[in-house]
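Have a look at the structure below, then the notes.
The values are calculated or read from the model by the stated rules, or taken from the named source; none is laboratory data. None of the values given here were measured: they were computed from a predicted structure. Cβ placement follows ideal geometry from the backbone for every residue including glycine, while neighbour counts extend to all protein chains displayed.
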């Protein structure tokens with residue numbers, strides 16, 4: 001059993017940017033020396049998320065629209081009373097989507113569905129420099 005930790009770095013433009021990281025994670029798996037196992041993909045921070053999506057133009061429009069319907073920017077958020085930074089909705093969205101995902105892999109490639117890509121979602125209302133931590137466990 002081996003454990004390898006790697007990092008990805010992503011520069012974002014701000015909300016709601018969806019970045020396909022599938023190939024970058026598969027590349028890290030190939031470079032890890034681990035053949036089979038699981039990879040946990042984690043973003044440190046409270047205004048970003050990791051999830052899967054079919055990374056195609058229609059869903060790249062539908063996903064932000066759905067987030068706006070579920071967690072509108074223009075309603076009251078208590079978070080604003082403390083920080084006044086306009087990103088209360090970003091924190092709520094990130095909490096619901098989640099900061100990490102664990103994916104099995106075999107032959108140094110994630111076992112994703114045919115139309116399933118692993119994505120980083122920037123939810124903050126301003127550009128950010130982000131780290132994504134990969135914890136690769138297997139043999």
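Looking across 28, 49, one residue alone is assigned to a strand (DSSP E or B) and either touching a helix residue (DSSP H, G or I) at 6+ places or on another chain (Cβ under 7 Å) or closer than 15 Å to residue 104 by Cα (or both). It is 49. In this entry, residue 76 is excluded by the filter for residues that are on the phi > 0 side of the Ramachandran plot, without any contact (Cβ under 8 Å) to a residue 24 or more places away in the chain and more than 13 Å from the chain's Cα centre (by Cα).
Take the conditions under 14 Å from residue 132 (Cβ atoms) and either touching a helix residue (DSSP H, G or I) at 6+ places or on another chain (Cβ under 8 Å) or surrounded by 19 or more Cβ atoms within 10 Å (Cβ to Cβ) (or both) and apply them to residue 17. Does it pass? Against the criterion (under 14 Å from residue 132 (Cβ atoms) and either touching a helix residue (DSSP H, G or I) at 6+ places or on another chain (Cβ under 8 Å) or surrounded by 19 or more Cβ atoms within 10 Å (Cβ to Cβ) (or both)), residue 17 qualifies. Checking each residue in region 9-25 for being assigned to a helix (DSSP H, G or I) and modelled with pLDDT under 95 picks out no residue at all.
Just need a number here: residues in region 34-45 that are under 16 Å from the mean Cα position of the chain (by Cα) and loosely packed, with under 15 Cβ neighbours inside 10 Å. Please lay out each step first, then the result.
Step one: of region 34-45, the residues under 16 Å from the mean Cα position of the chain (by Cα) are 39-45.
Pick out the ones that are also loosely packed, with under 15 Cβ neighbours inside 10 Å and you get 44.
Final tally of qualifying residues: 1.
Can you find, within region 91-108, the residue that is farthest from residue 65 (Cα to Cα) among those that are in contact with a helix residue (DSSP H, G or I) (Cβ under 9 Å, 6 or more places away or on another chain) and surrounded by 14 or more Cβ atoms within 10 Å (Cβ to Cβ)? Ranking the candidates gives 108 first. Residue 91 meets all of the listed conditions (1) assigned to a loop (DSSP other than H, G, I, E, B); (2) at negative phi but one, namely (1).
Does region 62-72 include one or more residues that are in a loop (DSSP other than H, G, I, E, B), free of Cβ contacts under 8 Å to residues at least 24 places away in the same chain and over 18 Å from residue 119 (Cβ atoms)? Break it down stepwise before answering.
So in region 62-72, the residues in a loop (DSSP other than H, G, I, E, B) come out as 71-72.
Okay, now just the ones that are also free of Cβ contacts under 8 Å to residues at least 24 places away in the same chain, so 72.
Next cut, over 18 Å from residue 119 (Cβ atoms) only: 72.
For region 62-72, residues in a loop (DSSP other than H, G, I, E, B), free of Cβ contacts under 8 Å to residues at least 24 places away in the same chain and over 18 Å from residue 119 (Cβ atoms): present.
Scanning region 78-88 for residues that are in a loop (DSSP other than H, G, I, E, B) and surrounded by fewer than 18 Cβ atoms within 10 Å (Cβ to Cβ) turns up 78, 84, 85, 86. Within region 52-61, being part of a helix (DSSP H, G or I) and under 15 Å from the mean Cα position of the chain (by Cα) holds for one residue alone: 60.
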